[in-house]
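Colleague: Right, I'll just put the structure down here and ask away after.
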Amino acid sequence: MIDDATIMKRICSGEYLLFDELVLRYRERLLRFAWSKYGSLSAAEDLVQEAFLSAFAARESYNPAFAFSTWLWTIFLNLCRRHYKRELRHPREMVRSSFAAAEAAVIPEPSSSETPLQVALKTEQFELLALYLAELPEVQADALRLRFFGGMKFTEIALTMDCSLSAAKIRVKNGLLQLAHRFSEGSTSEGEVS
Amino acid sequence: MNCDEAFDLITHPTDHNCEELQWHLQLCPRCRQMKETLAPALDTFQQILDDVTDVDQLSQFHADFHQTSDQESASIFPKTGQPFLSAETVRMAEQAASRLRAESVTNQMTKPSQKPKPHQKRLVHAALILLVGFLMGWGISLNGPENQFSPSVSSLQSQQPCLWIAQRESRANQPAKTAREKGSASNVVLSCVACHLQSTAE
Ligand SMILES: [Zn+2]
């Protein structure tokens, strides 16, 4: 398998179609991140597409001194945050209404055109997780999404979020503590949710 | 393994059940307690990830994808003419690249090294003086015109075709064409940036 840096080098020398390979490598993880943040697949897809396009357009500024994945995630996180700020005052409300709208559009069983990712993310569990994540401070929720949905190392999270390594770990740890507490509270307060 | 490394593994998306971690947990009540406390959250993440990364499903998806990618890739790859990209977004990507590059340089400089010998110290001092001089010069040059950053953004206004999409589509339409022909076809396709500028002007 060719590594990302080599692919970028070849893209910069004119083999533009190799960018497809980078899309295949990272698209699902980015989608999972954005879907859990917005609860809307179409918003997530737009943001993912915008991130890839801007990485391609700015390809000459890429440098193998850093990982392509870290760069892509940094771009994507910035786009997500810009979108988040612009679109909503109440993240939790937005996530909930997006999921509610998706449920209202009657889909009796997974259609054959759905990817495994789409099917897996249409679970109640994922929806609940997205709602609880929306209640956390944004940096904690993003650190958790990067760790689990992005599959990133703590050093990569620190670079992407422009914070120290220990701050990245603390964000993940505190976020998990709050989430765990929320999940243990269980359905008691969920009556108020639905 | 120390407790810090154990935390890495406890929160690892895929290796959270590895033997190394199990050994540490058997010996370390603190980490065991931590893992138990976090379990409701960790289990949820890991269950969702297990659903998604089911190997059979994914490999099936990739097989399907490669079969259909020539005709039906619209949902995965952007198409020409969709106004998604702004010059501001590209500038954001370039700024991210320059920050990451600066940080990788800093990291390399601060990597632990052996204690410098006296003559090395003198060299370091000389380098520091040079660096200070350079930074002062830079500070002055910052007062100059603003436009030195991001050459490609400033050239965006003057049409930068999205060569990736153009090449994808020209291949999809005319699979037998030569590379030179593809190049000329891509010149005809408007860039995503140009589309965006056009659509905002309308
Ligand atoms: Zn321990």
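Colleague: Suppose we keep only residues that are in a loop (DSSP other than H, G, I, E, B) and either within 14 Å of chain A (Cβ to nearest Cβ) or basic (Lys, Arg) (or both) within region B:1-32. Which one would you say is farthest from A:ARG147 (Cα to Cα)?
Modeller: Among them, the one singled out is B:ASN2.
Colleague: Something else: Of the residues that sit in region B:13-50 and are over 20 Å from A:ILE170 (Cα atoms), over 26 Å from the mean Cα position of the chain (by Cα) and more than 10 Å from the ligand (Cβ to nearest atom), which one is least open to solvent (accessible area, probe 1.4 Å)?
Modeller: Of everything passing the filter in region B:13-50, B:CYS18 is least open to solvent (accessible area, probe 1.4 Å).
Colleague: Related question: Taking A:ALA5 and the conditions (1) at pLDDT 95 or above; (2) at the interface with chain B (Cβ under 9 Å from one of its Cβ atoms), which numbered condition does it fall short on, given that it satisfies the others?
Modeller: For A:ALA5, the exception is condition (2).
Colleague: Hey, could you check region A:58-73 for residues that are within 8 Å of chain B (Cβ to nearest Cβ) and open to solvent by less than 10 Å² (accessible area, probe 1.4 Å) and say which is farthest from A:PHE19 (Cα to Cα)?
Modeller: First pass over region A:58-73, keeping only residues within 8 Å of chain B (Cβ to nearest Cβ): A:58, A:60-63, A:65-66, A:70-71.
Filter once more, so that each one left must be open to solvent by less than 10 Å² (accessible area, probe 1.4 Å): A:58, A:70-71.
Details: A:ALA58: 13, A:THR70: 16, A:TRP71: 15 Å.
The selected residue is A:THR70.
Colleague: In region A:15-28, which residues are within 8 Å of chain B (Cβ to nearest Cβ) and over 16 Å from A:LEU72 (Cβ atoms)?
Modeller: The answer is A:TYR16, A:LEU17.
The values are calculated or read from the model by the stated rules, or taken from the named source; none is laboratory data. For clarity, every value in this text was computed on a predicted model and none was experimentally measured. Here Cβ is always computed from backbone atoms with ideal geometry, including for glycine, and neighbour counts include all displayed protein chains. For the accessible areas, the whole protein counts, side chains as well, though only heavy atoms, and no ligand, DNA or RNA atoms are used. Shrake-Rupley method; radii C 1.70, N 1.55, O 1.52, S 1.80 Å.
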